[in-house]
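One structure is given here, and the rest of the page talks about it.
The values are calculated or read from the model by the stated rules, or taken from the named source; none is laboratory data. Here the structure is a predicted model, which means the values were calculated and not measured. Cβ sites come from the backbone with ideal geometry, for glycine too, and all protein chains shown count toward neighbours. Just the protein is used for accessible areas: all its heavy atoms, side chains included, with ligands, DNA and RNA removed. Shrake-Rupley method; radii C 1.70, N 1.55, O 1.52, S 1.80 Å.
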Amino acid sequence: GQRSDDTINTLAHEIRTPLQSLLVGFEILSGLKLPQKYHQMVTDMTICGSQIMSNMNSVLEAQRLESGKVQLSLSRFRIQALLRNSIKTVRHLADSKNILLEESHSGLDAGFVVEGDFHRLSQVLVNLLSNAIKFSERDKTVSTSVTVSMP
């Protein structure tokens, strides 16, 4: 009911606010010249913190879906912009594991525009990319590929 929704929203806020501060602190630490052992520890803490944030966002999203409060925000955008935005978001995670992020676009010209919910699609791509990075070994490559076919 409404009481349960309010409790989840309050709890999410109480967790997300300090977690965001931790993630910023981890990002600052990762920019320092630390011994490899400590650098790896900061990297691992960043990945874990990002996963907790992702899980919290998923819980809130599921709650909105169940209550019918999800509204799509449709806009026109280029797929390349969506892909680049998502890659920028996870770049620090990839860099921390020395993972190369590759992107390719088959059949896309620079002006190709689609209509959709940029923010929600970006969330999906960021989650997919984050998981790909998280489960990849150091010094590997994570590739993204977009292929467009017209009916």
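I'm trying to understand the selection: among the residues of the stretch 41-50, which are of a type outside the set (A, V, I, L, M) and open to solvent by 50 Å² or more (accessible area, probe 1.4 Å)? Don't jump to the end; show me each part of the working.
Filtering the stretch 41-50 for residues of a type outside the set (A, V, I, L, M) gives 43-44, 46, 48-50.
Those that are of a type outside the set (A, V, I, L, M) and open to solvent by 50 Å² or more (accessible area, probe 1.4 Å): Asp44, Cys48.
Within the stretch 56-71, being surrounded by 10 or more Cβ atoms within 10 Å (Cβ to Cβ) and either of a type outside the set (Gly, Ala, Ser) or under 22 Å from Leu129 (Cβ atoms) (or both) holds for Met56, Asn57, Ser58, Val59, Leu60, Glu61, Ala62, Gln63, Arg64, Leu65, Glu66, Val70.
If you go through the stretch 16-38 one residue at a time, how many are touching a residue at least 12 places away in the same chain (Cβ under 8 Å) and either open to solvent by 70 Å² or more (accessible area, probe 1.4 Å) or over 18 Å from the mean Cα position of the chain (by Cα) (or both)? Before you say what the answer is, go through the steps one by one.
Pass one, the stretch 16-38, residues touching a residue at least 12 places away in the same chain (Cβ under 8 Å): 16, 19-20, 22-23, 26-27, 29-30.
With the extra rule that they be either open to solvent by 70 Å² or more (accessible area, probe 1.4 Å) or over 18 Å from the mean Cα position of the chain (by Cα) (or both), the set shrinks to 16, 20, 22, 27, 29-30.
Count: 6.
Would you confirm, using the coordinates I've provided, whether Lys140 is outside the structural domain of Leu11 (by the TED database), without any contact (Cβ under 8 Å) to a residue 60 or more places away in the chain and farther than 30 Å from Ser21 by Cβ? Yes; evaluated as a whole, the condition is true for this residue.
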